[in-house]
Amino acid sequence: MKKTPTLFDMPLTADVAWCPGCGNYMLQSAVKAALHELAIDPSNLVMVSGIGQAAKAPQYLNVNMFNGLHGRSLPAALGIKLSNRNLVVVVESGDGDMYGEGGNHFIHAIRRNIDITVIVHNNMVYGLTKGQASPTSQRGMTTPVQVDGVMLEPFNPLAVALALNAPFIARAYAGDVEETKKMIMQAISFRGFSIVDVFQPCVIFNKVNTYQWFRENTVYLPESHDATDRTAAFGLATAAGKLPLGVLFRSDGREIYEELIGVGATRSISENRLTITLFMP
Amino acid sequence: MHHFLNDISMVFAGEAGQGLQTVTETLLRILAKSGYNVFSCTEYMSRIRGGCNTTEIRITDKKQRAYLERIDMLFALSPLAVEHLKSRINSGTLIFAEKSQFAERWDERYIDTPFRRFAVETGSPVFSNTVAAGTVFGMIGLPFERFTDYLGEQFAAKGEDTVSKNCMAAKLGYDFGRLIAADKAILLPSPALTGSSGRLLMDGNSALGIGAIAAGCNFISSYPMSPGTGLLTFLAARSKAFGIVVDQAEDEIAAVNAGIGASYCGARAIVTTSGGGFDLMQEGVSLAGMIETPIVIHIAQRPGPATGLPTRTEQGDLNLALHAGHGDFARAILAPGTLEELAESMQHAFTLAHCFQIPVFVLTDQYLLDAVTTIERRDIKRLPAETAVIKTGAGYQRFLFTDDGLSPRGVPGYGDGLVRVDSDEHDENGLITESFEMRARMVEKRLKRMKPLAEAALMPSIIGSIKEADVVVIAWGSNRGVLEEAIEILGNKRVAGIHFSQLFPLNPDVKSLLEKRALVVMENNAAGQFADLLSLQTGLSIAHRIVKTTGEPFSVEEVAEALSAFKESKRARP
């Protein structure tokens, strides 16, 4: 994909902490292209993340940024969206952050159905802490901690999201930037909670789930897939064999949490705030 | 002859689920409306039905707001009550009880009061409470219509039948009360002659909530935990009227992170919890410190560690608030002691949090929050709500270095600038840095505000005459009322009291107020947490500590007794 300059390019020089060859770079290109093509105003966008290598993504984009604590991107995003619903809120974090440390928040953010987009860098391993199992690590993978191989059932984010009736669920593979971009664009445009779980290799610590492995073990959903069929989606999310890529499920027209709460419907928090004397100590 | 003209303590005791709250609320509302000074506090068990819960109602000629151990009249709606309260019942206590339930322990202090029999005559045992309230009003001799008018309003929604049956039960109780008062020569306080029109009846939770609303609070995210839940329900009930976003979080970690996210976006956010829930919130305190984002944290204390005594009271979480969160950063801790201070502290907390861009704690406890007092409307002050949000321009730097360490605070979506915050160490732009030099400058920036924060700290309130005193008794938070009354009872000019409603940082002028006097610190915890802090902050030594660990509030009697030890003390100067 050709690189066009965007409003999201950093004017400042950030010291990028990602390893050469990391899947994060490709996902970053897809995110940036999606934001650019959707013509989102950077000052009206807040990117929220937790902790980990994936969570550094907003550091390298010219946007409002809340890089909070490990596992807590979703509660922070909730507070942000409820305080100013005019903002576009995109959460970007890793599999450990979102499905491990932040697992409880993942469950309840879906239940709320806030209008935010969650992009999960799923590389099936902990990178920043040097190679331990993540919630999505596959059984049998040996690590410095899981010396006899991972014994736990891998966390299935698509099936969990479906069980909780999340209204937009997609899975992408970062190696395919164009398709990943399209899914992210759909997710951001979707009104309600949208999640894109993105497979991406960790070239340093995951020697099992490599670029080649993902190419061989994933398959795009056929065009005939009916994304409104939750039961079919659940079958695909839990089926053995190749892992499905694409928009697995979408259910449009649901009520969103920030509207149901009802407060601030006629005035944004920004206006509300202005009624208070502006003051600098 | 039983005369209680200036001060009476009535205790209502019954099982959970018996409707104790209805009877005491009825009494308090009507008494307050009639111009009495009332104070009420409640102790209850951690269960939904059964056990024994009690509510004390004091009617006093002067305004008092402290728990009294003495019981002048006990309304025992359950046989468990007398056993539960045996240490507080004395030879002069009048016990209103139904003889059929108490036969074996009956003596001359008991007055056979047919709560249940009258109620059943009216139609159902549920009217026992109305009979009890009627008995009190009969003894006082309040106009009966005042009671029936209230019942009419209160039960209007439940229909004519409920209203008329309650009025019947009220009448039976009322006539019985008149009879007993005449028979036993019982005299109760007369209503106050003045100042009743602007008088409100209020509990601690409401005062706190009113303070939050006055402070412009428009966001609360919390997970229910006694006794911190009261603020959440108070604000939830008024969320539409005042435009407050209310979110019940999945856990306390989510609550505090959502609050900080909201605050980052310009909301005036608060979280409420108790010590155990706050244990989980500590990472959020550290985050607020790092990203210099205001957050107000209400900790309603109850006895710990762990689950402790869920429905009881203590002041054991000062050290927790003081040390919560890793790393060095600024914070403030407030500890209001009265309804007026609860409302003011909350406003002050928001101002401090927003002007200094820090986490601010408001420490309360079960006793203070559940206590109900009459208060004059004019005594609830509205402080100016101050904030520090600016409209950002292009090139905005959230962590710009300034002389006082405080960077102008922008919020996303307001102005052309971008607002970038990071929990990692960062530079002025919010970009992650590992520069040792930048790190040192940022630590200094975050701590620089401690000095102006201390200079802005609230001075403590003086009780009695400190000039003549050589013993100063120090209290904080909910112990203000009990210290005031104990000092008054003591009546010794050499013993004065001081109450702190801000515990950290301390105003630099505090030291000169306290030095050259024997310092006694009273607080409801085991170690004397504030005594340690005060000593550390001022370098003064603490002569004596009055502490308590039972899970009950200090009573007027026990504080007066403890202070009487200093009455003759010549070893005043340390």
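Consider the range A:1-14 and keep the residues that are among the hydrophobic types (A, V, I, L, M, F, W, C) and more than 22 Å from A:GLU178 (Cα to Cα). The one that is surrounded by the fewest Cβ atoms within 10 Å (Cβ to Cβ) is A:LEU12.
Here B:ALA254 fulfils each of the conditions (1) under 23 Å from A:ASN64 (Cβ atoms); (2) of a type in the set (Gly, Ala, Ser); (3) more than 11 Å from chain A (Cβ to nearest Cβ) apart from (3).
Of all residues in the range A:110-148, exactly one satisfies the criterion of being more than 14 Å from chain B (Cβ to nearest Cβ), among the β-branched types (Val, Ile, Thr), over 20 Å from A:ASN24 (Cα atoms) and touching an Asp or Glu at 6+ places or on another chain (Cβ under 8 Å), namely A:THR142.
The conditions of being assigned to a loop (DSSP other than H, G, I, E, B), in contact with a Lys or Arg (Cβ under 7 Å, 6 or more places away or on another chain) and surrounded by 17 or more Cβ atoms within 10 Å (Cβ to Cβ) are not met by B:ALA531.
Scanning the range B:123-153 for residues that are in contact (Cβ under 8 Å) with a residue 60 or more places away in the chain and aromatic (Phe, Trp, Tyr) yields B:PHE137, B:PHE147, B:TYR150. So for the range A:214-225 (the condition being surrounded by 20 or more Cβ atoms within 10 Å (Cβ to Cβ), under 24 Å from A:GLY21 (Cα atoms), in contact with a Gly (Cβ under 7 Å, 6 or more places away or on another chain) and in contact (Cβ under 8 Å) with a residue 24 or more places away in the chain), does at least one residue qualify? So far as the range A:214-225 goes, yes, one or more of its residues are surrounded by 20 or more Cβ atoms within 10 Å (Cβ to Cβ), under 24 Å from A:GLY21 (Cα atoms), in contact with a Gly (Cβ under 7 Å, 6 or more places away or on another chain) and in contact (Cβ under 8 Å) with a residue 24 or more places away in the chain.
The conditions of being assigned to a helix (DSSP H, G or I), farther than 30 Å from A:THR231 by Cβ and free of Cβ contacts under 8 Å to residues at least 24 places away in the same chain are not met by A:GLN146.
Does B:THR293 satisfy being modelled with pLDDT of 95 or more, within 12 Å of chain A (Cβ to nearest Cβ) and not in a helix (DSSP H, G or I)? Break it down stepwise before answering.
On the way: modelled with pLDDT of 95 or more: yes; within 12 Å of chain A (Cβ to nearest Cβ): yes; not in a helix (DSSP H, G or I): yes.
Spelling it out, B:THR293 is indeed modelled with pLDDT of 95 or more, within 12 Å of chain A (Cβ to nearest Cβ) and not in a helix (DSSP H, G or I).
Restricting attention to the range B:1-55, the residues that are of a type outside the set (S, T, N, Q), within 25 Å of B:ALA119 (Cα to Cα) and in contact (Cβ under 8 Å) with a residue 12 or more places away in the chain add up to 22.
Look at B:ALA181 and say whether it is surrounded by fewer than 24 Cβ atoms within 10 Å (Cβ to Cβ), touching a His at 6+ places or on another chain (Cβ under 8 Å) and in contact (Cβ under 8 Å) with a residue 12 or more places away in the chain. No; evaluated as a whole, the condition is false for this residue.
Report yes if some residue within the range B:491-498 is within 25 Å of B:ALA332 (Cβ to Cβ) and either at pLDDT below 95 or not β-branched (Val, Ile, Thr) (or both); otherwise report no.
First, the residues of the range B:491-498 that are within 25 Å of B:ALA332 (Cβ to Cβ): B:497-498.
Subsequent filtering for residues that are either at pLDDT below 95 or not β-branched (Val, Ile, Thr) (or both) retains B:497.
Among the residues of the range B:491-498, at least one is within 25 Å of B:ALA332 (Cβ to Cβ) and either at pLDDT below 95 or not β-branched (Val, Ile, Thr) (or both), which makes the answer yes.
Residues are listed down the side, and each one gets a yes or a no for (1) part of a loop (DSSP other than H, G, I, E, B); (2) closer than 24 Å to B:VAL421 by Cα; (3) without any contact (Cβ under 8 Å) to a residue 12 or more places away in the chain:
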site	(1), (2), (3)
B:HIS298	no, no, no
B:GLY304	yes, no, no
B:GLY308	yes, no, no
B:THR313	yes, no, no
B:VAL360	no, yes, no
B:LEU369	no, no, no
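Would you check if B:GLU83 is within 23 Å of B:THR373 (Cβ to Cβ), part of a helix (DSSP H, G or I) and within 31 Å of the chain's Cα centre (by Cα)? Criteria not met by B:GLU83. Here B:ARG545 passes the criteria (1) of a type in the set (Lys, Arg); (2) touching a residue at least 60 places away in the same chain (Cβ under 8 Å); (3) surrounded by fewer than 22 Cβ atoms within 10 Å (Cβ to Cβ); (4) under 27 Å from B:ASP317 (Cβ atoms) except the one numbered (2). Within the range B:103-122, residues that are assigned by TED's automatic domain parsing to the domain that holds B:ALA170 reach partners that are of a type in the set (Phe, Trp, Tyr) with beta carbons closer than 7 Å, at six or more positions or on different chains, in the pairs B:TYR110/B:PHE102; B:ILE111/B:PHE96; B:THR113/B:PHE96; B:THR113/B:PHE176; B:ALA119/B:PHE127. Within the range B:257-279, restricting attention to residues that are assigned to a helix (DSSP H, G or I) and over 24 Å from B:LEU447 (Cα atoms), the residue that is nearest to the other protein chains (Cβ to nearest Cβ) is B:ALA258.
Mind listing whichever residues of the range A:68-109 are within 10 Å of chain B (Cβ to nearest Cβ), out of contact with any Cys (no Cβ under 9 Å at 6 or more places or on another chain), among the polar types (S, T, N, Q) and in contact (Cβ under 8 Å) with a residue 24 or more places away in the chain? Those that are within 10 Å of chain B (Cβ to nearest Cβ), out of contact with any Cys (no Cβ under 9 Å at 6 or more places or on another chain), among the polar types (S, T, N, Q) and in contact (Cβ under 8 Å) with a residue 24 or more places away in the chain: A:SER73, A:ASN86.
Here's the yes/no breakdown for (1) surrounded by fewer than 23 Cβ atoms within 10 Å (Cβ to Cβ); (2) assigned to a helix (DSSP H, G or I):
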position	(1), (2)
A:MET26	yes, yes
A:LEU35	no, yes
A:VAL46	no, no
A:ALA76	no, yes
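The residues listed here are B:ALA212, B:ALA207, B:ALA236, B:ALA241; of these, the one that is of a type in the set (Gly, Ala, Ser), outside any strand (DSSP E or B), in the same structural domain as B:ARG312 (by TED's automatic domain parsing) and modelled with pLDDT under 95 is B:ALA241.
Checked across the range B:9-21, the condition of being modelled with pLDDT of 85 or more, out of contact with any Asp or Glu (no Cβ under 6 Å at 6 or more places or on another chain), closer than 20 Å to B:LEU142 by Cα and not assigned by TED's automatic domain parsing to the domain that holds B:SER478 holds for at least one residue.
Test A:GLU101 against the stated conditions and say whether it is surrounded by fewer than 24 Cβ atoms within 10 Å (Cβ to Cβ), of a type outside the set (Gly, Ala, Ser) and within 22 Å of A:VAL160 (Cβ to Cβ). Against the criterion (surrounded by fewer than 24 Cβ atoms within 10 Å (Cβ to Cβ), of a type outside the set (Gly, Ala, Ser) and within 22 Å of A:VAL160 (Cβ to Cβ)), A:GLU101 qualifies.
When we screen A:ALA55, A:ALA17 for residues that are free of Cβ contacts under 8 Å to residues at least 60 places away in the same chain, in contact with a helix residue (DSSP H, G or I) (Cβ under 9 Å, 6 or more places away or on another chain), under 20 Å from A:ALA174 (Cβ atoms) and surrounded by fewer than 24 Cβ atoms within 10 Å (Cβ to Cβ), the only hit is A:ALA17.
So which of B:THR364, B:THR374, B:THR402, B:THR392 is farther than 22 Å from B:LEU235 by Cβ and more than 13 Å from chain A (Cβ to nearest Cβ)?
On the way: B:THR364 fails: farther than 22 Å from B:LEU235 by Cβ; B:THR402 fails: more than 13 Å from chain A (Cβ to nearest Cβ); B:THR392 fails: more than 13 Å from chain A (Cβ to nearest Cβ).
Residue meeting the stated conditions: B:THR374.
Among the residues examined, B:SER465 does not qualify as outside the structural domain of B:GLU69 (by TED's automatic domain parsing), touching a Pro at 6+ places or on another chain (Cβ under 8 Å) and not basic (Lys, Arg). Only a single criterion out of (1) within 7 Å of chain A (Cβ to nearest Cβ); (2) touching a helix residue (DSSP H, G or I) at 6+ places or on another chain (Cβ under 7 Å) is not satisfied by B:PRO412, namely (2). Taken over the range B:437-478, the residue count meeting the criterion of being buried (at least 19 other Cβ atoms within 10 Å of the Cβ) and among the basic types (Lys, Arg) is 3.
The values are calculated or read from the model by the stated rules, or taken from the named source; none is laboratory data. It should be emphasised that the depicted structure is a prediction, and the values quoted were computed from it without experimental measurement. Here Cβ is always computed from backbone atoms with ideal geometry, including for glycine, and neighbour counts include all displayed protein chains.
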